[in-house]
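Right, one structure below, let's go through it.
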Amino acid sequence: MTTDHTSKDFDHALDRARELVSLMAARVERQLAEAIETLQSGSPALITQILRHEAEVNALERAIDEFSGQIIARRHPAARDLRLVMSLLGATTDLERVGDEAKKIALQARKARGEGGARLPRQTQVRRMSLVVAGMLRRALDAFERLDLAGTAEVVRRDADVNDAYSAILRQLITYMIEDPRSISAGLDLVFVAKALERIGDHAKNIAEQAIYAVKGADVRHATVAEIEQELRR
């Protein structure tokens with residue numbers, strides 16, 4: 001039988017693991033916001049700051065992995081508690097990858113500015129895509145931190161919009177590079193930026209799905225939006 005002392009220790013361990021994930025989420029959100037800003041500014045100082053955040057994010061990932069492993073090994077959580085720990089680990093992996101993609105965006109933005117970005121069409125679509133992706137990440141993280149699933153279906157729905165935006169940007173840039181071969185290098189840099197944003201949208205969707213798993217115990221990784229909405233109504 002679990003004693004009150006053991007139960008309190010377990011609750012404290014879970015709370016600490018969630019605090020670490022929240023801290024990592026804040027770092028990653030800031031990293032993404034700064035990366036999006038470099039699309040306009042190409043600021044070397046901002047890029048340096050993004051790289052510094054990456055080191056912090058990687059350290060937090062290791063700490064969360066170790067802490068969660070200790071919870072599983074020492075506390076042997078069951079049912080909902082185990083799902084929560086596994087969801088924390090899953091969300092941590094996606095957050096680390098968002099940080100990696102943010103770093104790619106910053107470095108590609110700097111490279112594009114140095115290789116003739118002025119010859120490319122205005123980056124309105126890329127900017128719009130970046131704002132949608134940032135909103136998806138915020139909503140997914142809010143759902144995960146609060147274990148409130150109200151916005152999770154919308155995150156999954158917006159992922160399809162992001163995929164469509166990526167395809168449209170790709171078509172635009174290919175057309176432009178064909179018409180002006182001098183723009184190929186800078187155009188490819190923007191393709192890589194758009195692809196990084198598309199991948200961040202995927203990770204935001206994964207985090208929303210982890211929240212659903214933690215609360216409902218349902219694996220919705222390959223479910224449609226309609227199926228997810230049905231699961232949320234149960």
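The values are calculated or read from the model by the stated rules, or taken from the named source; none is laboratory data. Just so we're clear, the structure is a prediction, and the values are computed from it rather than from any experiment. All Cβ positions, even for glycine, are placed from backbone atoms using ideal geometry, and neighbour counts span all protein chains on display. SASA here: full protein model, heavy atoms, side chains in, ligands and nucleic acids out. Shrake-Rupley method; radii C 1.70, N 1.55, O 1.52, S 1.80 Å.
Observations, loosely collected:
- The one condition in (1) under 22 Å from E34 (Cα atoms); (2) more than 15 Å from the chain's Cα centre (by Cα) that G135 fails to fulfil: (2)
- For segment 187-204, the criterion of being open to solvent by 30 Å² or more (accessible area, probe 1.4 Å) and either among the polar types (S, T, N, Q) or in a loop (DSSP other than H, G, I, E, B) (or both) is met by none of the residues.
Listed here are the residues, each with its yes/no results for (1) under 26 Å from E37 (Cα atoms); (2) buried (at least 17 other Cβ atoms within 10 Å of the Cβ); (3) among the small types (G, A, S).
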| site | (1), (2), (3) |
| --- | --- |
| L141 | yes, yes, no |
| A150 | no, no, yes |
| D159 | yes, yes, no |
| A165 | yes, yes, yes |
| R171 | yes, no, no |
| M177 | yes, yes, no |
| D180 | no, no, no |
| S185 | yes, no, yes |
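- V155 falls short on exactly one of the conditions (1) surrounded by fewer than 23 Cβ atoms within 10 Å (Cβ to Cβ); (2) modelled with pLDDT of 90 or more, and that condition is (1).
- Residue, nearest to R171 (Cα to Cα), within segment 120-131, restricted to residues that are open to solvent by 40 Å² or more (accessible area, probe 1.4 Å) and at pLDDT 90 or above: R128
- Considering each residue of segment 30-44 in turn, at least one proves to be under 17 Å from A59 (Cα atoms), modelled with pLDDT of 90 or more and of a type outside the set (A, V, I, L, M).
- Of all residue pairs spaced 6 or more apart or on separate chains, those with beta-carbon atoms under 8 Å, a first member in segment 139-155 that is outside any helix (DSSP H, G or I) and a second member that is open to solvent by 50 Å² or more (accessible area, probe 1.4 Å) are D148/D142.
- Residue match in segment 56-69 (condition: in contact (Cβ under 8 Å) with a residue 12 or more places away in the chain, surrounded by 15 or more Cβ atoms within 10 Å (Cβ to Cβ) and not in a helix (DSSP H, G or I)): no
- Of the candidates E37, E29, E61, E66, the single residue that is over 24 Å from L147 (Cα atoms) and of a type in the set (D, E, K, R) is E37.
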